[in-house]
Each structure stands twice: as C-alpha cells, then as structure tokens.
Amino acid sequence: GFKTCVLANNWVDDSAGRLFTATLVNLLHRHFDLVIESCRLGARKPDPEIYAYALDALRAKPQE
C-alpha cells in the first residue's frame, strides 16, 4: 500500500481557538501515517529539509 503524510506549515496556536486547531491536528493523525508540523520541526515548505525529514520518517525514496 501507500504511505500518506501531511506536511503542514503551521505555528504554535495560542489563540482562543487553539482547541479547534489541536482537535484538527489530532484528527489528521488518525487518517495519515505521518503528520509533520513545521512549528515542531523548525523547518517549513519549501525548505528541502522538511521533505528530506518526511522521506526519512516514511522510509521512502523521492521517486516513490
């Protein structure tokens, strides 16, 4: 099968709506093999580092 991943350019949400954001991210984790949040990794799209991290975490090659 296929492995799925979400690469999200996001930030630590300290707003009044942060519960909604946290719930959404939690739901994503249920439906994808991997969810990478830029605020936690310290890299964001289009930085090649975030793509390299995702490939390594998924144990995949770019051509796959």
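The values are calculated or read from the model by the stated rules, or taken from the named source; none is laboratory data. Note that this is a predicted model, so its numbers are computed, not measured. For neighbour counting, all protein chains shown are included, and Cβ atoms are generated from backbone atoms with ideal geometry for every residue, glycine included. Only protein heavy atoms, including side chains, enter the accessible area calculation; ligands, DNA and RNA are left aside. Shrake-Rupley method; radii C 1.70, N 1.55, O 1.52, S 1.80 Å.
If I go through segment 15-56 residue by residue, how many of them are hydrophobic (A, V, I, L, M, F, W, C), outside any loop (DSSP other than H, G, I, E, B) and within 15 Å of F2 (Cβ to Cβ)?
Residues meeting the conditions: 3.
Of all residues in segment 1-30, count the ones that are more than 10 Å from the chain's Cα centre (by Cα) and open to solvent by less than 70 Å² (accessible area, probe 1.4 Å).
7
From the residues in segment 34-48 that are surrounded by 12 or more Cβ atoms within 10 Å (Cβ to Cβ) and over 10 Å from the mean Cα position of the chain (by Cα), which one is farthest from N10 (Cα to Cα)?
Per the criteria, the residue is D47.
Does segment 50-64 hold any residues that are closer than 13 Å to N9 by Cα and either open to solvent by less than 50 Å² (accessible area, probe 1.4 Å) or over 12 Å from the mean Cα position of the chain (by Cα) (or both), and which are they? I'd like the intermediate steps shown before the answer.
Here is the first cut: in segment 50-64, the ones closer than 13 Å to N9 by Cα are 50-51.
Passing the criteria: only I50.
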